[in-house]
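Only one structure is covered here, and it is reproduced in the block below.
Just so it is clear, none of the values below were taken in a lab; they were calculated from the coordinates. Note that this is a predicted model, so its numbers are computed, not measured.
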């Protein structure tokens with residue numbers, strides 16, 4: 001089933017199309033949810049809520065851009081909404097100076113994606129959200145500021161702090177990668 005046919009069937013409320021969509025995108029969208037949320041149960045809850053919103057609002061999809069991108073945006077928004085309820089997004093500025101890893105660090109590493117994901121989970125909620133939105137999802141600081149109801153300066157600051165924390169964690173493990 002191609003994307004256009006899938007969207008049309010979803011807009012008609014076809015249960016088979018809903019199942020097909022879930023089977024096709026549940027794995028990748030769970031990955032999106034896990035990048036924002038600390039535990040799997042919260043991520044699953046957001047995933048289910050996100051798919052319900054997709055099914056309820058599929059009539060609003062205007063065939064402009066990728067349908068998968070539209071679904072991903074819903075999942076990101078749901079994850080951010082869940083984060084706002086669970087953890088403070090506005091973080092106090094750390095008083096201690098964070099030492100950055102060397103600029104000329106080597107990118108050679110045996111680190112797995114799972115190990116990197118674990119490090120992302122250790123970041124405070126605001127840092128993690130901004131890092132994911134900017135570095136992984138590709139949003140601008142202006143868009144992030146609007147999504148998180150923060151200033152662009154706060155978005156830039158939290159991204160910088162997230163990178164510094166990740167570099168410090170990597171350095172502690174003996175891995176030197178510029179982030």
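Taking 0.36 nm per residue of separation and subtracting the current Cα-Cα distance, fully stretching the chain between residue 19 and residue 5 would add 3.6 nm.
What the Cα atoms of the stretch 3-86 give is an Rg and a Dmax of 12.5, 38 Å.
Give me the extension gain from residue 85 to residue 45: residue separation times 0.36 nm, minus the current Cα-Cα distance, reported in nm with one decimal.
On the way: separation 40, 0.36 × 40 = 14.40 nm, distance 1.33 nm.
Extending this stretch completely gives an extra 13.1 nm.
If I take every Cα pair under 8 Å that is 6 or more residues apart in the stretch 3-86, average their sequence separation and divide by the length, what percent do I get for the relative contact order? Dividing the mean separation by the residue count of the stretch 3-86 yields 36 percent.
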